[in-house]
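Taken together, the values in this text are just the output of simple stated rules run on the coordinates, not laboratory data. The model shown is predicted, which means the values in this text are computed figures rather than measured ones. Neighbour counts are summed over all protein chains in view; Cβ atoms, including those assigned to glycine, are modelled from backbone coordinates with ideal geometry.
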Amino acid sequence: MEKPKVRKGMLSSIIPGLSSLSQRGLAGWLVVLGFTMVVSIVTITAISPWVAPYDPSAINVGTPLMSPNSQFLFGTNDLGQDVFSRVLSGGGIMLEVSILSVIICLLVGVPLGLFSSYAGGVVDRFFCLIMDSIYAFPGLVLAIAIAAMLGRGVTNMALSIAVVYVPSYFRVIRSQVLSIKEMPYVEAANAAGAKGRTILSRYVFPNVVPSIVVIATVNFADAILTAAGLTFIGLGVSANIPDWGWDLTNGRRLLSSGTWWVITFPGLMIILLALGFTLMGEGLSEMANPRLRE
């Protein structure tokens, strides 16, 4: 009789507050809806090797350019590949790139924002100048330029995207720290002789975590769209790997001949995944900001 209680407690500790999100108005429902969309797509991608009806990389599994039918639910492309199998498997590369780019942004942008804003003076002005210089470039154009220099590959795509979005983390964290370090408890810690490292880790960083979660969620959506754009112009992974971005490129070429299904279904998956992260970010931002809640 005790086991169900233990499991319920474990579930509550893994997903704290998830069951009460729907009770927080529109913001809560946005988080729940976005979370459901993201988890569904990630789950589909994870189990695709076992549920995909055909090998997504195999050619001539069907007649080329067959429209959707009972055997090939999403039709086939010009190589005779099953579009449905490629849609199920094509999110893996995009998720890898977005996750890796967000991790890089967190490891670079957050520490720089904390250190620069807390140090102030010349150090802060130096880092602000660098970040503003990067931020001045259009994001996709800068990502294309960096990816073109680094070459193809998941890691290179993630690096090119991370360079674009590190300034966003830096600016958000810096603005948060500038207000937090003026709070009475931080001044009391300074008066008590606490070291700067201790103040940042114990008093400042915990208070910027909600902002980090919000910007990381929104960054996932931006990274997915940027990764799709890089692959669309030929700077992504090789064509033999199932990828939604490459299918968009191939489908655009075939669209003029009336073959709408090759580009439509991968495009819908990209939109749904980016929309899921965007809804999560908007909901979390509204719940974290008292002014928005009002």
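For residue 174, indicate whether it is within 30 Å of residue 60 (Cβ to Cβ), assigned to a helix (DSSP H, G or I) and of a type in the set (D, E, K, R).
no
Looking at (1) buried (at least 17 other Cβ atoms within 10 Å of the Cβ); (2) within 19 Å of residue 144 (Cα to Cα), which is the only condition residue 286 fails?
(2)
Going by the conditions given, is residue 70 of a type in the set (Ser, Thr, Tyr) and more than 24 Å from the chain's Cα centre (by Cα)?
The answer is yes for residue 70.
Looking only at residues in segment 58-96 that are closer than 13 Å to residue 262 by Cβ and charged (D, E, K, R), which one is surrounded by the most Cβ atoms within 10 Å (Cβ to Cβ)?
My answer is 86.
Which condition from (1) crowded, with 16+ Cβ neighbours inside 10 Å; (2) without any contact (Cβ under 8 Å) to a residue 24 or more places away in the chain; (3) closer than 23 Å to residue 147 by Cα is the one that residue 252 breaks?
(1)
Please list, ordered by first then second residue, the pairs with beta carbon atoms under 6 Å, 6 or more apart or interchain, first in segment 202-221 and without any contact (Cβ under 8 Å) to a residue 40 or more places away in the chain, second of a type in the set (A, V, I, L, M) and surrounded by 15 or more Cβ atoms within 10 Å (Cβ to Cβ).
203/186; 203/189; 207/180
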